[in-house]
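Structure, as structure tokens:
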Amino acid sequence: MNSRPATIKQKQVAAFLKPRPRDSHKGQFGTVAVIGGAPGMIGAPLLAARAALKLGAGCVHCGLLADNAPAVDVLQPELMLHSAQEALRLHNVTVLAIGCGMGTSVAAQKILYAALRLEVPLVLDADALNLLARHIDLQDDLRARKTPTILTPHPGEAAHLLGISTADVQAARTGSARLLAEKLRCSVVLKGAGSVCATRDGRIYLNQTGNPGMSAPGMGDALTGMIAAFIAQGLDADQSLLLAVHLHGAAGDALAEKGVGTGMTASEVTEWARWLLNQWEKAL
């Protein structure tokens, strides 16, 4: 096991990318399903789904828990919207991202229970992590999975999962990320200034892109969608994690360089991430 964290470099993660063949079609770039959106929180899964679409996934579905959920995303009509249960039953899904704005209701718990039994890669964020922290049986189900899972906790969510305080997590960020990955047998990004990535093979990586302007609503949702997009396009889970985390922060840095510090939005970060990704691909 590598005991010291390595710094994620642009050259390292850009090498994961492959040029698209001239005769490509959307079916070659995978299908993402995003599930979340309890009443009052529909925006969260939509932000994740839009990020998955704009970072290259071939098809993106969004399953919403709220009864009054819209039938179409008028800002991104390319997305296919469903109820959460319908999205869970979709065939040919390459990767499932679950938890954004999902809430912790009994219905949400049942959805996570079912998702953990699917043989597709999972990206778990937000309320999926809160549910895991509350229900030991769900943690057992996660440990039993053979297919890759990525967790994306902020320090508070990591603290709940580990049964310690947020201050304890922040005082030992590298150790906390490693412990969480070992405990739940998955890959982890512990978000925050200097996000720490722990991969399934025991390696630890430190990300140094990003800035205080990214302390804004929806940033984690966008990151979740980006990770899912790269898995859908054929990268393995750990490659997708490292690429998305580094690119997400680099996009925020690009915005900051344009003078946008205060008031930066997750939607803007997604747009800049798409632009940067295309520049990195051109340089291959």
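The values are calculated or read from the model by the stated rules, or taken from the named source; none is laboratory data. Please read all numbers here as calculations on a predicted model, not as lab measurements. Using ideal geometry, Cβ is built from the backbone for each residue, glycine included, and neighbour counts are taken over all protein chains shown.
For region 89-117, a residue qualifies if it is small (G, A, S) and either touching a Phe, Trp or Tyr at 6+ places or on another chain (Cβ under 9 Å) or over 21 Å from K146 (Cβ atoms) (or both), and the qualifying residues are G101, G103, S105, A107, A108. Just one of (1) crowded, with 16+ Cβ neighbours inside 10 Å; (2) under 13 Å from L17 (Cα atoms); (3) at pLDDT below 95 fails for A232. It is (3).
Which one of these is among the hydrophobic types (A, V, I, L, M, F, W, C) and more than 30 Å from I204 (Cα to Cα): M80, M102? Only one candidate qualifies: M80. Specify the residue that is farthest from G225 (Cα to Cα); the eligible residues are those in region 272-284 that are buried (at least 16 other Cβ atoms within 10 Å of the Cβ) and of a type outside the set (F, W, Y). Out of the qualifying residues, it is L276. Within region 21-38, restricting attention to residues that are in contact (Cβ under 8 Å) with a residue 60 or more places away in the chain and part of a loop (DSSP other than H, G, I, E, B), which residue is farthest from A251 (Cα to Cα)? Looking at residues that are in contact (Cβ under 8 Å) with a residue 60 or more places away in the chain and part of a loop (DSSP other than H, G, I, E, B), I get A38.
Residue by residue, here is whether (1) farther than 14 Å from G225 by Cβ; (2) surrounded by fewer than 19 Cβ atoms within 10 Å (Cβ to Cβ); (3) in contact (Cβ under 8 Å) with a residue 60 or more places away in the chain holds:
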{"site": "P45", "(1), (2), (3)": "no, no, yes"}
{"site": "A48", "(1), (2), (3)": "no, no, yes"}
{"site": "L55", "(1), (2), (3)": "no, no, yes"}
{"site": "C59", "(1), (2), (3)": "no, no, no"}
{"site": "A69", "(1), (2), (3)": "yes, no, no"}
{"site": "L75", "(1), (2), (3)": "yes, yes, no"}
{"site": "E78", "(1), (2), (3)": "no, yes, no"}
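Condition test on T147, is it modelled with pLDDT of 95 or more, of a type in the set (V, I, T) and either farther than 23 Å from H246 by Cα or crowded, with 22+ Cβ neighbours inside 10 Å (or both)? Criteria met by T147.
For every residue, the table says whether it meets (1) at pLDDT 95 or above; (2) among the charged types (D, E, K, R).
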{"residue": "V34", "(1), (2)": "yes, no"}
{"residue": "L47", "(1), (2)": "yes, no"}
{"residue": "L65", "(1), (2)": "yes, no"}
{"residue": "N68", "(1), (2)": "no, no"}
{"residue": "A71", "(1), (2)": "yes, no"}
{"residue": "L75", "(1), (2)": "yes, no"}
{"residue": "M80", "(1), (2)": "yes, no"}
{"residue": "E86", "(1), (2)": "yes, yes"}
{"residue": "V95", "(1), (2)": "yes, no"}
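Listed conditions (1) without any contact (Cβ under 8 Å) to a residue 40 or more places away in the chain; (2) surrounded by 14 or more Cβ atoms within 10 Å (Cβ to Cβ); (3) within 20 Å of G225 (Cα to Cα); (4) among the β-branched types (V, I, T) are all met by I111, apart from (1). When R185, R203 are checked against the criterion of being farther than 23 Å from G37 by Cβ and touching a residue at least 60 places away in the same chain (Cβ under 8 Å), a single residue qualifies: R203. When H82 is tested against (1) part of a strand (DSSP E or B); (2) more than 24 Å from A177 (Cβ to Cβ); (3) in contact (Cβ under 8 Å) with a residue 24 or more places away in the chain, only condition (3) is not met.
Is it true that L179 is of a type in the set (A, V, I, L, M), surrounded by fewer than 24 Cβ atoms within 10 Å (Cβ to Cβ) and outside any loop (DSSP other than H, G, I, E, B)? For L179, the condition - of a type in the set (A, V, I, L, M), surrounded by fewer than 24 Cβ atoms within 10 Å (Cβ to Cβ) and outside any loop (DSSP other than H, G, I, E, B) - is met.
Selection within region 207-220: residues that are surrounded by 15 or more Cβ atoms within 10 Å (Cβ to Cβ) and more than 17 Å from the chain's Cα centre (by Cα). The member of this set that is farthest from G259 (Cα to Cα) is N211. Of all the listed residues (A128, A159, A171), the sole one being surrounded by fewer than 14 Cβ atoms within 10 Å (Cβ to Cβ) and modelled with pLDDT of 95 or more is A171.
Only strands (runs of 3 or more DSSP E) whose full extent lies in region 89-152 are considered here, and the ones with at least 3 residues that are more than 16 Å from L64 (Cβ to Cβ) are 122-124, 149-151. Would region 41-52 turn up any residue that is within 19 Å of A126 (Cβ to Cβ) and assigned to a loop (DSSP other than H, G, I, E, B)? The answer is yes, given that some residue of region 41-52 is within 19 Å of A126 (Cβ to Cβ) and assigned to a loop (DSSP other than H, G, I, E, B).
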